[in-house]
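Data block below; observations after.
The values are calculated or read from the model by the stated rules, or taken from the named source; none is laboratory data. In this text, all values refer to a predicted model and were calculated from it rather than measured experimentally. As a convention, Cβ positions derive from the backbone with ideal geometry for all residues, glycine included, and neighbour counts pool all protein chains shown.
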Amino acid sequence: MRVLGLDLGSKRIGLALSDLEASLAFPAGTLRSRGRKADIKALCDLILEKEVGHVVVGHPRHMDGRRGPEAESAERFARTLSQAAGVPVELLDERWTSMEAERSLREMGHNAKSTRQHVDEVAAALILRTYLAVRETQNLQEKKNA
């Protein structure tokens, strides 16, 4: 089952896809935001096309863990996408992903300011990679406890 990772932004949505085994995360470009309805439709089309069975959305929280307007918007987006696409959509804390994406791109020699869309897709890949790792750890714990 393939998993889709999303880094929501006001201008773009960063995309990342897993392999079919849901063990590796790959940056998959960006979707230019055209409003909630159009974005949900485009993502539903992508979910069908890529045979995605699960979605994880970055959940932006304040550094102290509080939820702000962006977190509430991500929660509404996740609920709407899940209903529209008919697949489970989970939220994952994304407090450090954009900074980590920028750092990774700088280390690879990219100018993060001139390649903002790359930051968005790398951030989505980091969200997805973290989600897959957490899920794998939970699966191992369940097997150990069974």
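Some observations on this one:
- Filter result for ARG79 (at pLDDT 95 or above and either touching a Ser or Thr at 6+ places or on another chain (Cβ under 7 Å) or of a type in the set (S, T, N, Q) (or both)): no
- Test: residue in the stretch 14-24 that is at pLDDT below 95, more than 11 Å from the chain's Cα centre (by Cα), more than 21 Å from TYR131 (Cα to Cα) and assigned to a loop (DSSP other than H, G, I, E, B): no
- The stretch 17-29 residues that are touching a residue at least 12 places away in the same chain (Cβ under 8 Å) and more than 13 Å from GLU136 (Cβ to Cβ), paired with ones that are among the hydrophobic types (A, V, I, L, M, F, W, C) and part of a loop (DSSP other than H, G, I, E, B) (beta carbon under 9 Å, 6 or more apart): LEU20/MET1
- Residue list for the stretch 46-83, filter: of a type in the set (A, V, I, L, M, F, W, C), touching a Leu at 6+ places or on another chain (Cβ under 9 Å) and free of Cβ contacts under 8 Å to residues at least 40 places away in the same chain: ALA71, ALA78
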